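The values are calculated or read from the model by the stated rules, or taken from the named source; none is laboratory data. Just so it is clear, the model here is predicted, and its values are computed rather than measured. Here the Cβ positions follow ideal geometry from the backbone for every residue, glycine too, while neighbour counts run over all protein chains shown. For accessibility, only protein heavy atoms count, side chains too; no ligands or nucleic acids. Shrake-Rupley method; radii C 1.70, N 1.55, O 1.52, S 1.80 Å.
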Amino acid sequence: MSVLLPPPKRQKVYHGIPQPAPEPPKATANVVVQFVSEDDGSPLAPAVNLPANVSREGLEALVNKLSVKDEDPVPFSFSIELPADAVTAGAPSRVVIAKSIEEDVLSHASKAFTPEDVFVIRCSPQAVFKVRPATRCSSTLSGHASPILCASFSPTGNLLATGSGDCTARLWDLFTETPSHTLSGHKGWVLCVEWEAMERKLATGGHDGHVRLWDPKTGKPIGDALKGHTKWVTSLAWEPIHINASSPRLASSSKDGTVRVWNASTRRLEYALGGHSASVNVVRWGGGGMGGKGVLYTASSDRTVRVWDANGGKPLYTLKDHAHWVTTLTLNTDFVLRTGPYNHKGKKPASEEEAQKLALERYNTLLASTPELLISGSDDHTLFLWSLFPSSDSAPSTRPITRLTGHQRQISHVAFSPDGRWAASAGWDNAIRIWEGRTGKYIATLRGHVGPVYRLAWSADSRMLVSASKDTTLKIWDLKTYKLKNDLPGHTDEVYCVDFVADKVVSGGRDKTVKIWKN
């Protein structure tokens, strides 16, 4: 019996026309790549010749192979600086490699690169852990009877404190997302809340000029109010744990032009700083200074930033470069000072000595490649980057490293990323600007808000930024692409405060509700 062969396969026809032959794959150009460090521009490895279509993951594996001595691979982000003549106003000044050199750089709209160029790729090490972006509102907590003016997560992220115009602060349990305590005692709006870095105490400052200390476990006040300011308290700062773990002191700044430093254990005033001639808007307690004993940075409406020795209050520097009120300050060490001994692993120190050692280790690790830096933001639409306590081989200077310009209206907030590599500033011009943390070089503008941006908060891995605005929304921005990652609408009025810890975001504002956002 003969075997019948199957009929030949019918050719596909598209509208009566045979299917075109598949295109041959495009030949990929080879390019010369030089990997350099984001920190200081030093080469990480000799220049190498690569196909332009090597993926971002392939570049990461190659850099780890060539430069990282440890066995554990380090995640990197890669970017290439655009030439000065190719940067357009308001556009990012660098190209981030998200897929490959071929897709992101050679195909860039500026047409600034050709395969014949040597590609200098800046490599920035990333956190080994990754924070998930918040996408939904998991809780809307009501209880405050007036707008919420400030909100802050505790260093471990287990508790949340909010302050309101109803003269109370509230503590919220984040495991159950329910109220835990109401802190009553202020006779005016609660304008600021600040956690001690070991989570043993909470400080609040009010419109009544009083500073109060609270026990977060019981919600009870620790003694009576700390009185001395004659006008309202504008800002609070705790002494870093790596300097004093047993009983950190507390600094408070006020509209009355003074800064007062309190002993939180004896509840007595240690000293008052009276050099400013107008309202002191912000106080920051830095961990550097002479011999690492700590310094106080204060910003005032008298257009100056002053620096004081935290041991006795001796004035060290007066910075007079701003032309209007100085309203916001940030240190590149803010995150490690705020979280003290706690890191992403969640390990709890067994004793004060261990906590001090862990906090000092984290602080020194951050400062291994750069000194403690300060950025001041003002109503003169500009910011200044300062390095007042450089490494031992260079002399101190009161001249700013650079002036950061570009905002069209007053600066409302500035914040360094937790790793100190980036800084973000928000303004009344509805825009957020990203700057290089060490040099102050402009990187990108994030646009999307339709009202002034009041407040910013970084994720712990420095990969995302969340902003709160007058336009009633929060927005989460991706620092890999400089684009909007998630829009979080839900508030019915202006959003005054925001904070970001682990994968949780908290916000509060004029609608009197606290919202917690999660993945």
Of residues in region 395-420 being modelled with pLDDT of 90 or more and basic (Lys, Arg), the one nearest to ASP461 (Cα to Cα) = ARG403
Are there any pairs with C-beta distances below 6 angstrom linking a residue in region 484-495 that is among the hydrophobic types (A, V, I, L, M, F, W, C) to a residue that is part of a loop (DSSP other than H, G, I, E, B), with the two at least 6 apart or on different chains, and if so which?
-> LEU484/GLY448
Here is a list of conditions, (1) in contact (Cβ under 8 Å) with a residue 40 or more places away in the chain; (2) open to solvent by less than 70 Å² (accessible area, probe 1.4 Å); (3) at negative phi, and SER397 meets all of them except one; can you say which number that is?
-> (1)
Check region 87-102 and report whether any residue there is closer than 19 Å to VAL33 by Cβ and open to solvent by 50 Å² or more (accessible area, probe 1.4 Å).
-> yes
Quick one: count up the residues across region 3-48 that are under 12 Å from VAL120 (Cβ atoms) and either open to solvent by 50 Å² or more (accessible area, probe 1.4 Å) or not in a loop (DSSP other than H, G, I, E, B) (or both).
-> 10
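Considering region 203-215 alone, what residues qualify as being part of a loop (DSSP other than H, G, I, E, B) and open to solvent by 10 Å² or more (accessible area, probe 1.4 Å)? Before the answer, list the steps.
Step one: filter region 203-215 for residues part of a loop (DSSP other than H, G, I, E, B), giving 207-210, 215.
Scanning region 203-215 gives HIS207, ASP208, HIS210, ASP215.
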Give just the number: which of (1) open to solvent by 40 Å² or more (accessible area, probe 1.4 Å); (2) touching a residue at least 40 places away in the same chain (Cβ under 8 Å) does LYS227 not satisfy?
-> (2)
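Which of the residues spanning region 323-339 are part of a strand (DSSP E or B) and more than 20 Å from THR398 (Cβ to Cβ)? Show your work before the answer.
Keep residues of region 323-339 that are part of a strand (DSSP E or B), which gives 326-331.
THR327 - this is the single residue of region 323-339 that is part of a strand (DSSP E or B) and more than 20 Å from THR398 (Cβ to Cβ).
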Out of (1) in contact with a Leu (Cβ under 8 Å, 6 or more places away or on another chain); (2) open to solvent by 10 Å² or more (accessible area, probe 1.4 Å), the odd one out for PRO240 is which?
-> (2)
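Results for (1) within 30 Å of THR492 (Cα to Cα); (2) under 18 Å from the mean Cα position of the chain (by Cα), shown as yes or no for each residue.
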residue: SER369; (1), (2): no, no
residue: SER397; (1), (2): no, no
residue: GLY406; (1), (2): no, no
residue: GLY420; (1), (2): no, yes
residue: ALA431; (1), (2): yes, yes
residue: GLY437; (1), (2): no, yes
residue: VAL453; (1), (2): yes, yes
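Would you pick out the residues in region 186-202 that are assigned to a loop (DSSP other than H, G, I, E, B), without any contact (Cβ under 8 Å) to a residue 60 or more places away in the chain and within 21 Å of the chain's Cα centre (by Cα)?
Step one: list which residues in region 186-202 are assigned to a loop (DSSP other than H, G, I, E, B), which gives 186-189, 196-201.
Then keep just the ones that are without any contact (Cβ under 8 Å) to a residue 60 or more places away in the chain; that gives 186-189, 199-200.
Result: GLU199, single match.
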In region 142-185, the residues that are among the aromatic types (Phe, Trp, Tyr) and either part of a loop (DSSP other than H, G, I, E, B) or in contact with an Asp or Glu (Cβ under 8 Å, 6 or more places away or on another chain) (or both) | PHE153, PHE175
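Taking the stated definitions as given, is TYR342 closer than 17 Å to LYS293 by Cα and either in the same structural domain as PRO240 (by the TED database) or part of a loop (DSSP other than H, G, I, E, B) (or both)? It would help to see each step written out before you state the result.
Values: closer than 17 Å to LYS293 by Cα: no; either in the same structural domain as PRO240 (by the TED database) or part of a loop (DSSP other than H, G, I, E, B) (or both): yes.
Here the answer is no, as TYR342 does not meet what is asked.
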Which numbered condition trips up CYS497, out of (1) of a type outside the set (A, V, I, L, M); (2) open to solvent by less than 10 Å² (accessible area, probe 1.4 Å); (3) more than 21 Å from GLU194 (Cα to Cα)?
-> (3)
With the checklist (1) among the hydrophobic types (A, V, I, L, M, F, W, C); (2) open to solvent by 50 Å² or more (accessible area, probe 1.4 Å); (3) more than 19 Å from THR339 (Cβ to Cβ) in hand, flag the one item VAL190 doesn't pass.
-> (2)
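Against the definition (farther than 20 Å from ALA502 by Cβ, open to solvent by less than 30 Å² (accessible area, probe 1.4 Å) and in the same structural domain as LEU62 (by the TED database)), how does ILE121 come out, yes or no?
Answer is yes for this residue.
Could you check how many residues of region 337-371 are within 16 Å of PHE389 (Cβ to Cβ) and open to solvent by less than 50 Å² (accessible area, probe 1.4 Å)?
Applying the first criterion (within 16 Å of PHE389 (Cβ to Cβ)) to region 337-371 yields 337, 363-364, 366-371.
Filter again for open to solvent by less than 50 Å² (accessible area, probe 1.4 Å), leaving 337, 363, 366-367, 370-371.
Adding up the residues that qualify gives 6.
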Which residue out of SER300, SER247, SER253 is touching a His at 6+ places or on another chain (Cβ under 7 Å) and not hydrophobic (A, V, I, L, M, F, W, C)?
-> SER300
Determine whether region 372-380 contains at least one residue that is open to solvent by 30 Å² or more (accessible area, probe 1.4 Å) and either farther than 30 Å from LYS255 by Cβ or among the polar types (S, T, N, Q) (or both).
-> no
